[in-house]
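Below is one structure; the comments refer to it alone.
Please treat every number below as a calculation from the coordinates, not as lab data. The model shown is predicted, which means the values in this text are computed figures rather than measured ones. We place every Cβ from the backbone using ideal geometry, glycine too, and count neighbours over all the protein chains shown.
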Amino acid sequence: MPTSAEILWLLVYPTIVSVIAMAATRPWRRRRDLGGWGAALAIVGTFGLAVAHHWYVPSFPPPSAQGWLFYLAAAALGVAVLHTLIRWDLIGIVLSCLLLLATPLLLLRGQQATMEPAAFWLWTLGAGAAMVLWWLAMEPLGRRSRGGSLPMILALVAIVSGLAIMAADTQTAGRTVAALAVPLVVIGVAGWWARGRVLGRGGMLAVALLLPGMLLFAHFFATGPVPYIILLVLAPLTAWAGELRGLGERDSWKRVAVRWVVVLAMVALPLVVSVRGLAKLLQEQRTSHEYYL
Amino acid sequence: MRHSILGLVLVAFLAAAPAVHAADKYKIDPEHATVIFRIDHLGLGDAYGRFNDPTGVVVLDSSDPSKSSFNFEVQTANVDTHNEKRDAHLRSPDFFDAKQFPVITFKSTNVKADGDKFQVTGDLTMHGVTKQITVPITKTGEGKDPWGGYRTGWKATADLKRSDFGIKGVAGVGDAVHLIISFEAVKA
């Protein structure tokens, strides 16, 4: 069961930060797009709170991968602010790509001594390229879809990712990822209310950095199972299924339903396995000397 | 003439050499070294664990003990609480984060001796954080072993807060850690 401190740091404070961030983008102006720095601030702020709660605010340069993610998330917020203010797409896109490309290199730099040089560079450059491609694929979806369905889908993926990491023996990293669902739900509600686009020019960059970034962290430093990590990284991309031709107008209920069905199908296996794993763990803690902690 | 002077200097140096006492270097014997930790569990009782196979080097300067040094190292992956699942959890990023921080080291920076009792100040590095601590270390004995070596025995205790080293862990585990260390070191 979560403690009162965990409820405060992973639920209450993120909700307050997210509401303030989204309110700052003036959602009461109907049919106004809320994309940009507001969504990025909500997501990055929540991640910062979770890292501070679980591991402390890291020194600079940080000694750990999660510490690097903390500072990279701050940089992503900076890019989002710049992208929102200057509205010159090329600069925002180039900075976002550079940031994502550098992420695995910084996360895994401490592993260079223990990995074969070829494997290290294959991993860092390969994962960096994958993160860039992930963002390049999702950013247009964030800019074209109105309302709350896309943030809600990402919130679902964040929760399932968190459960998968928790079931793989790392409560702190799992809860940090799951906490990202809080700002995404708030962003989704704001999107529904404003009926605008909410994740373009900043919000999707923060998601692209933190969701695949934390799954990469789970693979290397926890015992996150690779097949589930791949499914969870790919799941948001399948939301593009809602953009197929012949499904009616943009953002119609049919398109939203298709998105949800496809993404749910992608996360179903990791969800079921993780829930069963956690249930088994709780059972062991209650009934057996095999509990840990 | 020049050769004579050089010869005299060389003779004087060689004559003086035996009087210079070199410090003795000892390697810690992992088979006879124990690092035990005690930590509060749920506020109800104590949980004990150990780090297997610690290594290190002790340099003892009997003529000037302040020039002695104590360097100690344990692998975080070697944590052992007699419960495989708990050990896996302790190696995870929730606690020691063993893949990112595979080693805990102690390197002495200052040694004060009073007979067999030493006050050793040094840098303890754990979880990517380095803090200075002072550890009372006592020499428990020395002598020849049955295998032809010469060894010394030591014991120490220390108290730390894991939060000082950025290890917050999860609820239910105490912050204060009591360490009980005992080791033998063989002359290299």
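A few remarks follow.
- Computed across segment A:56-104, the Kirkwood radius stands at 11.5 Å (inverse of mean 1/r, all Cα pairs).
- Sites A:A268 and B:V170 - FRET efficiency at Förster radius 35 Å, r taken between beta-carbons, to 0.05: 0.80
- Counting other Cβ atoms within 10 Å as a rough exposure proxy, the listed residues B:R50, A:R259, B:R162 run B:R50, B:R162, A:R259 from fewest neighbours to most.
- Order of A:V17, A:V57, A:V207 - criterion: other Cβ atoms within 10 Å of each residue's Cβ, fewest first: A:V57, A:V17, A:V207
- FRET efficiency for the A:K280 to A:E249 pair, using the beta carbon distance and R₀ = 60 Å, is estimated at 0.85.
- With 0.36 nm allotted per residue and the present C-alpha distance subtracted, the A:A130-A:I91 stretch has 12.0 nm of extension available.
- With R₀ fixed at 41 Å, the C-beta to C-beta distance from B:V57 to A:L8 puts the FRET efficiency at about 0.30.
- Descending semi-axes in Å of segment B:103-160, equivalent ellipsoid built from Cα gyration tensor: 26, 15, 9
- Extension gain for the segment B:I133 to B:H32, taken as residue separation times 0.36 nm less the Cα-Cα distance, is 34.0 nm to one decimal.
- In segment B:74-188, the ratio of gyration radius to Kirkwood radius, Rg to Rh, stands at 1.03 when only Cα atoms are counted.
- Rg(Cα) / (2.2 N^0.38 Å) computed for the protein assembly as shown, rounded to two decimals: 1.23
- Cα-derived Rg over Rh, computed across segment A:85-241 with Rh taken as Kirkwood radius: 0.98
- Chain lengthening between A:L234 and A:V19 when straightened (0.36 nm per residue, less Cα-Cα): 74.6 nm
- When the Cα gyration tensor is reduced to axis lengths a ≥ b ≥ c, the ratio a/c is 1.5 or higher for segment A:184-246, and with a/b not above b/c it is classed as oblate.
- Cross-link reach list, lysines versus B:K187, counting only Cα pairs under 16 Å and skipping chain neighbours closer than eight places: B:K25, B:K27, B:K139, B:K144
- Projecting label points 7 angstrom from Cα along Cα→Cβ for A:A137 and A:L122 puts them 2.1 nm apart.
- Sorting A:E284, A:E249, A:E6, B:E184 by the number of Cβ atoms found within 10 Å of their own Cβ, with the fewest placed first, yields A:E249, A:E284, A:E6, B:E184.
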